[in-house]
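One structure below.
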Amino acid sequence: MSTNPEKKKYVRTIAVASGKGGVGKTNITASLAIALRKLGKNVVIVDADLGLSNINILLNKQAKYNIGHLLNGAVELRDVLIDGPHGIKILPAGEGVQELTRLDEFQRIRLLDAFDSYDGDIDFLLIDNSAGISENVTFFCSAAQDLIIVTTPEPTAWVDAYHLIKVLFTEYQENKFHVLVNSAKDEAEAAEVFKTLTRATDRFLSISLDYLGYLPYDEDVKLAVRAQTAFIDRFPRNFISKCINEIAAKILDRPEKVKGTLQFFIGNLIAKSL
Ligand SMILES: Nc1ncnc2c1ncn2[C@@H]1O[C@H](COP(=O)(O)OP(=O)(O)OP(=O)(O)O)[C@@H](O)[C@H]1O
Ligand SMILES: [Mg+2]
């Protein structure tokens, strides 16, 4: 395996997850990637909703290959990555792709080597997960450095968010979570949701919940989805776009963690799948 230490650089890996489905993860990941890109960062989105290709459909990008082809050894990472808007890159999922948690040894090495020998520049790896507490989700969440838990103000959404957090803490020792409240009426409602979640998780004393911000409910998001465009591009002047830009800026402001090479992410991913 070719590891060139000079090539190693700081890469932030952020997993976007939720307990309940349909709370906005894919839309948020797409617009957050663009917001980070506009702040000068090179972003790769990993579509970890492996059974369904989500991100590339949302952004109206055709995928010739998907992560399955990469894992089969049929193609190189640079051939699988597709160009999204503004130069972001997407590692697409696809129908019927074997779950990553069931990778055999060869596939794990293949994935490691694919990222290790990738010569493109990556600052951020955003992982768009499927909903729920599947092994796949917990695996990607524990492999990433940062976790964004998305919830809406609906009790079903924040109760499921609580369960996801609880599983990640009790079974995977994750203890730091960034919470993003989507589809809120206003900031006060989002703050209330965060308070409720905090009250529920306070029983696990060593958990730290951080309020990352909120996005308002905005009918235009549906129009953007239908137009297969990220809302930040379709409606850049909407308040929701201002909010996602603020969240991107906040993420950039955060101090860097000690562990942080791309190899850390992949190394961690390999270790957790053994
Ligand atoms: N802030 C918002 N305002 C209004 N509608 C929204 C908002 N965010 C998301 N939606 C709506 O919710 C739908 C689902 O969003 P999205 O696909 O991003 O959710 P998801 O969490 O990725 O779903 P899944 O769990 O199935 O992967 C969108 O198609 C859009 O119609
Ligand atoms: Mg999704």
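The values are calculated or read from the model by the stated rules, or taken from the named source; none is laboratory data. On a predicted model such as this, the values are computed, not experimentally measured, just so you know. Cβ coordinates were reconstructed from backbone atoms using ideal geometry, including for glycine residues, and neighbour counts include every protein chain displayed. SASA here: full protein model, heavy atoms, side chains in, ligands and nucleic acids out. Shrake-Rupley method; radii C 1.70, N 1.55, O 1.52, S 1.80 Å.
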* Return a yes/no flag: does the stretch 202-221 have any residue that is among the acidic types (Asp, Glu), more than 21 Å from GLY21 (Cβ to Cβ), open to solvent by less than 70 Å² (accessible area, probe 1.4 Å) and without any contact (Cβ under 8 Å) to a residue 60 or more places away in the chain. => yes
* Condition check for ASP113: modelled with pLDDT of 80 or more and either more than 16 Å from ligand 1 (Cβ to nearest atom) or not polar (S, T, N, Q) (or both) -> no
* Asked: In the stretch 211-256, what residues are outside any helix (DSSP H, G or I), of a type in the set (A, V, I, L, M) and under 19 Å from the mean Cα position of the chain (by Cα)?
  -> LEU212, LEU215, ALA230
* To do: Output the number of residues of the stretch 33-65 satisfying the condition of being outside any loop (DSSP other than H, G, I, E, B), within 16 Å of ligand 1 (Cβ to nearest atom) and closer than 19 Å to ILE14 by Cα.
  => 8
* Identify the residue in the stretch 9-32 that is more than 11 Å from the chain's Cα centre (by Cα) and buried (at least 24 other Cβ atoms within 10 Å of the Cβ) and, among all such residues, is nearest to ligand 1 (Cβ to nearest atom). => VAL23
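Conditions (1) more than 16 Å from ligand 2 (Cβ to nearest atom); (2) under 28 Å from ASP220 (Cβ atoms); (3) free of Cβ contacts under 8 Å to residues at least 24 places away in the same chain, marked per residue:
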position	(1), (2), (3)
GLY19	no, yes, no
THR29	no, yes, no
LEU32	no, yes, no
LEU50	no, no, no
LYS64	yes, no, yes
VAL75	yes, no, yes
ASP79	yes, no, yes
ILE90	no, yes, no
* **Which numbered condition ILE34 fails, given (1) modelled with pLDDT under 95; (2) in contact with a Pro (Cβ under 8 Å, 6 or more places away or on another chain)** => (1)
* Selection status of ALA93, under 22 Å from ALA63 (Cα atoms), part of a loop (DSSP other than H, G, I, E, B), modelled with pLDDT under 90 and of a type outside the set (S, T, N, Q) -> yes
* Go through the residues of the stretch 188-209 one by one and say whether even a single one is under 17 Å from the mean Cα position of the chain (by Cα) and closer than 24 Å to LEU36 by Cα. => no
